[in-house]
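Below: one structure, written as structure tokens.
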Amino acid sequence: MSTHIWGSRNAVPSAFKTYARAGSNARVLLWISFVIVSLACTQAANADLVAVIVNGVPYGPGQPISIPKGVAPVFVKIPGEDLAYYVYQFNAPPPPPKTFRVVSPTGTVTDLGDGSKGKPKQVGNEVIIDYGNGERIHFPGKLLSPGDPNPAPPPDRRGSMDGPANWLKPALALADANLFLQQPELADIFTSPIDLTHFQYDFNGTQDFPVFQRSYSLTFTDGSVDYVHVVPEPSSLFLMVSGVLGLAGILRKKWPTRS
């Protein structure tokens with residue numbers, strides 16, 4: 001058996017060099033795909049945040065809270081952003097009959113707005129709002145349509161909040177708050193326009209803005225618990241990643257391979 005040794009770089013057959021280029025390009029594309037998948041995982045770890053605002057004050061895990069009789073939260077979703085607000089405003093009138101509402105298993109009524117962003121639907125024991133582009137929010141409970149009366153208000157309850165925490169830098173919280181103030185659902189709880197002074201929070205300070213990751217709970221002294229969970233849906237980011245991986249396969253087939 002004899003062994004052939006290439007005498008110089010110029011003596012390398014063209015087919016071998018073509019194969020080497022194809023392998024190198026494939027590795028580069030797979031590396032790009034890996035980076036995108038890594039970014040997707042990083043984004044998912046910070047996605048679906050929930051801010052709880054009580055009289056303009058942001059509440060985080062472990063904080064005591066008091067919800068007066070008859071006060072129901074208003075749910076405000078910022079379109080295209082991985083952030084939703086639950087707003088409790090004291091001395092607010094009950095939700096007007098023109099809005100959709102959901103009654104949780106514990107009796108809490110949440111105003112879902114007029115349905116202009118996405119019409120709520122009752123599916124089994126859940127109410128689902130489809131915002132399009134894969135954005136869906138699930139609420140356990142019964143749907144009330146415009147014109148349906150509210151149930152009797154629950155008794156006074158005091159308790160504390162808990163849930164997986166996250167924190168936003170003041171500058172990011174300020175940008176989100178400005179988007180929040182533009183949402184039409186605020187008309188359900190405020191008779192006049194509001195601005196950033198509504199928030200009992202220093203957007204120019206150094207203290208981070210508390211939010212929850214997808215869920216939070218309100219545990220009351222009467223033993224009842226309100227649990228809110230934002231159910232994530234498959235996002236277009238997965239489709240983008242799978243598309244890049246598919247493109248890698250197509251281009252790999254087009255490149256010449258070693259025979």
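Worth pointing out:
- Linear extension gain, Gln63 paired with Ser224, 0.36 nm per residue minus alpha-carbon span: 56.3 nm
- Approximating the spin labels as points 7 Å out from Cα along Cα→Cβ, the Thr106-to-Thr197 distance works out to 3.5 nm.
- Electrostatic bookkeeping for Ala84 treats Lys and Arg as +1 and Asp and Glu as -1; over the other residues with beta carbon under 9 Å from its beta carbon, the sum is -2.
- Environment charge at Ile194 (Cβ cut-off 13 Å; Lys +1, Arg +1, Asp -1, Glu -1): -3
- Arg158 versus Leu181: modelled label distance in nm, points set 7 Å from Cα along the beta carbon direction: 3.3 nm
Taken together, the values in this text are just the output of simple stated rules run on the coordinates, not laboratory data. No experiment lies behind these values; they were computed from the predicted model shown. As a convention, Cβ positions derive from the backbone with ideal geometry for all residues, glycine included, and neighbour counts pool all protein chains shown.
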